[in-house]
Amino acid sequence: MDTVISLIGRNFGILAIDTISPRSIVIMKKDLNKCVEIGKNKYLIVSGLPGDVSQFTDFIQKSVQLNSLKTGIPFSTHSVANFVRKELSECLRKNPVKVNLTILGFDDSIGPSLYFIDYLGNLQRMNYCVQGHASLLVFSLLDRHFKKEMDIKPAIGLLVKCIGVLKNRFLINQVGFLIKIIDSKGCRSVGIL
Amino acid sequence: MSKKIDTKTISFCPEGRLRQVEFAMESIGESNITIGIVAKGGIVIATEKKETKNPFGENFNSEKTFIIDNHIICAASGAIPDSQILIEHARIQAQQYKKIYQDYIPVKKIVEIICDIKQQFTHKGGQRPFGVSFLVAGWDSSNGLQLFRTDSSGTFSGWKAAAIGSNSIINQSILTDEYKNDLDLNQALSVLVKILYKKTNSLEFWKIIDIVLLVLDDKQQILIRKMNREEVNSLVS
């Protein structure tokens, strides 16, 4: 199961995503980028059943692009998150899609914001969030060590601790974690831990 | 819906114009004056109304001004029954947008929605165009205070000050002379009075004019209110 650890710092948001693509007991690909950019300053990470993931990601990315072209105004993270939630909850009773999503975005007026949407259509805005089985191991660590308005170095230090716990205790060997940052300059990759 | 659609009403004439649309604009040119001005702290829209005795007192929803959502107001010139259908549709679309995105609909999008409907009636045969022109004023977080003007053909444009209805060309040129970029609301109101008061000779100004304000305060809260009898009369006394 995919692991996504995300935090909000001071005027930036940071993500650590694992990069393996597994199939049964084999690692098919070790450097997969699971993060999708929506607009200039939003990241969308979808995890769950493989077919649902690619279909839903494509659908959301292209719908948001179409709608922002129609209005001529880029959407805020809040609007995109609610739009995704609405699509998911409409699918729930017609053709359920088993995916969990994290949306991390930066708006000029609000700053960074992080939303988590689960497969039933629950939407929550959070300061830090873990997605996947790793949440059982990492959340308690984040509860203890997370502080609001962290700078980049302490935030990366916290991520290193979380990844350390996973490498120590998590059954699945998630080889590398891709670190990405969103701030006022846009989205960028920092490296692989 | 009859099977024989009269295709002549919405076809180009030999000179390359849509006659019905132009006739619709003629009819708007005979109807009530509506003026809108974008000022520094808000937008003010004034419309002429018929001098009638309203037994129910002054309620907000006078005939020619409408609230589309908490951040968009609109005034109509022309056939008011036509306008009510478009306003109804616009209100529904604004709420549907809010339902999906949990955010206020951008002003331009509402104007596009209204104009798309107006355009349909200039495109497919058998039905006349809407004989109504709107001034849509609103605020959104991407573009701030905006004023749009729409006409029967479905075109819209953004304005800092606009006049529709009768004598619109003369009124528009007065606005061009009088408008400055840093007008505040009181100065905008005095410009409005300059245009409207001389057209109406009644002593009771409030009986024939509706003035609606969309005011933006420092906390970016939007307040929409209609000026009451004393305030309107104080503008001319």
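The values are calculated or read from the model by the stated rules, or taken from the named source; none is laboratory data. Model, not experiment: these values are computed from the prediction. Here the Cβ is made from the backbone with ideal geometry for all residues, glycine too, and neighbour counts use every protein chain on show. In case anyone asks, the SASA skips ligands and DNA or RNA and just uses the protein heavy atoms, side chains included. Shrake-Rupley method; radii C 1.70, N 1.55, O 1.52, S 1.80 Å.
Summing -39500 (n - 2.57) over the DSSP H runs of n ≥ 4 in chain A and dividing by its residue number, what mean residue ellipticity at 222 nm do you reach, to the nearest 500 deg cm²/dmol?
Taking each H run of at least 4 residues, the total per residue is -11500 deg cm²/dmol.
Taking the alpha-carbon distance from B:Lys64 and a cut-off under 19 Å, which lysines remain once sequence neighbours fewer than 8 residues away in the same chain are dropped?
Result set, ordered by chain and number: B:Lys49, B:Lys50, B:Lys53, B:Lys118, B:Lys199, B:Lys207, B:Lys226.
Within 10 Å, at most 14 other Cβ atoms, and a DSSP state outside H, G, I, E, B define an exposed site. Report the longest part of chain B free of exposed chymotrypsin sites (Phe, Trp or Tyr not before Pro).
Here the longest segment lacking exposed loop sites spans B:61-237.
Dipole of segment B:101-152, Cα-centred, from +1 at each Lys and Arg C-beta and -1 at each Asp and Glu C-beta, to the nearest 20 debye?
240
Once fully extended, how much extra length lies between B:Val236 and B:Gln96, figured as 0.36 nm per residue of separation less the alpha-carbon to alpha-carbon distance?
Computed gain between B:Val236 and B:Gln96 is 46.2 nm.
Mind giving me the nanometre distance, one decimal, between the label points for A:Lys40 and B:Glu26, set 7 Å out from Cα along Cα→Cβ?
Placing both labels 7 Å beyond Cα along the Cβ direction yields 4.9 nm.
Helix-derived [θ] at 222 nm for chain B: sum -39500 (n - 2.57) over DSSP H runs of at least 4, divide by residue count, nearest 500?
Helices in chain B give a 222 nm mean residue ellipticity of -10500 deg cm²/dmol.
Compute the accessible area of each residue in segment A:62-82 twice, once for its chain alone and once with every protein chain present, using a 1.4 Å probe on heavy atoms, and list those whose area falls by at least 20 Å².
A:Lys70, A:Thr71, A:Ile73, A:Phe75, A:His78, A:Ser79, A:Asn82
I want to verify a result. In a Gaussian network model of chain B, Cα cutoff 10 Å, which of these has the top mean-square fluctuation: B:Glu48, B:Glu88, B:Glu112?
B:Glu88
Show which lysines lie in cross-link reach of B:Lys180 when reach means a straight Cα distance below 21 angstrom and same-chain residues fewer than eight apart are skipped.
Here the lysines satisfying the reach criterion relative to B:Lys180 are B:Lys40, B:Lys160, B:Lys194.
With just the Cα atoms defining each centre, how far is segment A:1-66 from segment B:175-189? Give it in Å.
Computed from Cα coordinates, the inter-centre distance equals 51 Å.
Which whole number of Å³ per residue matches the convex hull of the alpha-carbon atoms in segment B:79-237?
Spread over its residues, the Cα hull of segment B:79-237 gives 144 Å³ apiece.
Which of the trypsin sites (Lys or Arg not before Pro) found in segment B:70-159 are in a DSSP loop and have at most 14 neighbouring Cβ atoms, other than their own, within 10 Å?
B:Lys124
Past the 22 Å Cα-Cα mark, which pairs from A:Lys42/A:Lys86; A:Lys147/A:Lys180; A:Lys147/B:Lys99; A:Lys70/B:Lys99?
A:Lys147/B:Lys99
Does the protein assembly as shown come out rounded, prolate or oblate, given a ≥ b ≥ c as the square roots of the eigenvalues of its C-alpha gyration tensor, rounded meaning a/c under 1.5 and, failing that, prolate meaning a/b above b/c?
prolate
Mind checking which aspartates and glutamates have their C-alpha under 12 Å from A:Lys185, skipping anything on the same chain fewer than 8 residues away?
List returned: A:Asp107, A:Asp108.
Using r as the Cβ-Cβ distance of A:Lys153 and B:Lys8, and R0 as 60 Å, what FRET efficiency do you calculate, to the nearest 0.05?
That pair, A:Lys153 with B:Lys8, gives E of 0.20.
Any idea how far the Cα center of segment A:72-116 sits from the one of segment B:10-34, in Å?
45
Of A:Gly164, B:Trp206, B:Ser166, which is farthest on the positive side of the dipole of the protein assembly as shown, counting Cα position, with +1 on Lys and Arg Cβ, -1 on Asp and Glu Cβ, and the Cα centre as origin?
The one lying farthest along the dipole's positive direction is A:Gly164.
Taking 7 Å along the Cα-to-C-beta vector as the label spot, tell me the A:Asp108-B:Ser157 distance in nanometres, rounded to one decimal.
So the two model labels end up 2.7 nm from each other.
Find the accessible area per residue for segment A:28-171; the probe is 1.4 Å, ligands and nucleic acids are left out, and the unit is Å².
Counting only protein heavy atoms, the per-residue value for segment A:28-171 is 53 Å².
Strictly over 27 Å apart at the Cα level, which of A:Lys98/B:Lys109; B:Lys8/B:Lys108; A:Lys148/B:Lys219 would you flag in this model?
Beyond 27 Å: A:Lys98/B:Lys109; B:Lys8/B:Lys108.
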